[in-house]
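Here is the structure we will look at.
All of the numbers you see were taken from the coordinates with simple rules; none came from a lab. This is a predicted model, so every value here is computed, not measured. Neighbour counts run over all protein chains shown; Cβ positions are idealised from the backbone, glycine included.
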Amino acid sequence: MSVIQQNLEKLTVVAGVATAAVTSTATSSAIDLLEYDGDVLLILDSAAGGGSSPTLDIKLTESDETGGTFTDLSGATFTQVTGSASMQTLAINKDSSKRFVKIVQTIGGSSPTFTFSINLIGLKKYG
């Protein structure tokens with residue numbers, strides 16, 4: 001079995017934020033990065049925002065404990081989504097971040113709504 005095939009078998013996809021129509025600011029549950037190796041890729045897939053002057057800002061926060069105090073993860077911010085659809089990726093180095101991350105979504109505008117999802121893709125250390 002080739003090295004590439006072995007790595008693909010360890011590839012895992014996790015729904016950080018499940019696809020839904022969202023109208024208010026929210027924070028995801030903590031995602032444990034302990035079992036992953038190296039970089040973890042987050043994929044944002046958003047339809048165009050609805051309402052008047054809609055904005056969607058998404059960032060990651062980190063903590064050593066699932067119930068601990070979460071602080072902003074440096075450089076882990078998606079480009080703001082507005083009235084146009086957006087597909088973006090964001091890579092974070094699991095070894096340079098704390099064990100747990102949360103996805104913070106801030107929605108602004110007048111009667112804003114966004115339908116989007118954020119999926120996390122990473123290689124598990126152990127098959």
Report relative contact order for the stretch 1-79 in percent, whole number only (criteria: Cα-Cα under 8 Å, sequence separation at least 6).
19
Could you give me the ³J(HN,Hα) list for the stretch 19-36, computed from phi with Karplus coefficients 6.51, -1.76, 1.60 and θ = phi - 60°, whole Hz, x at Gly and Pro?
4, 6, 7, 10, 10, 8, 5, 7, 10, 6, 5, 5, 10, 7, 9, 4, 7, 8
Under Karplus coefficients 6.51, -1.76 and 1.60, residue-wise ³J(HN,Hα) of the stretch 92-99 in Hz, glycine/proline x
10, 8, 4, 6, 9, 10, 6, 5
With no solvent and one point on each alpha carbon, what is the Debye value of log10 I(q)/I(0) for the chain at q = 0.11 Å⁻¹?
-0.40
Computed about the Cα centre, the charge dipole of the chain from +1 Lys/Arg and -1 Asp/Glu charges at the Cβ has a magnitude in debye, to the nearest 20, of 120
How would you rank 16-23, 46-53, highest first, on the average number of other Cβ atoms within 10 Å across their residues?
46-53, 16-23
Estimated [θ] at 222 nm from DSSP helical runs (n ≥ 4, -39500 (n - 2.57)) normalised by residues in the chain, nearest 500
-1500 deg cm²/dmol
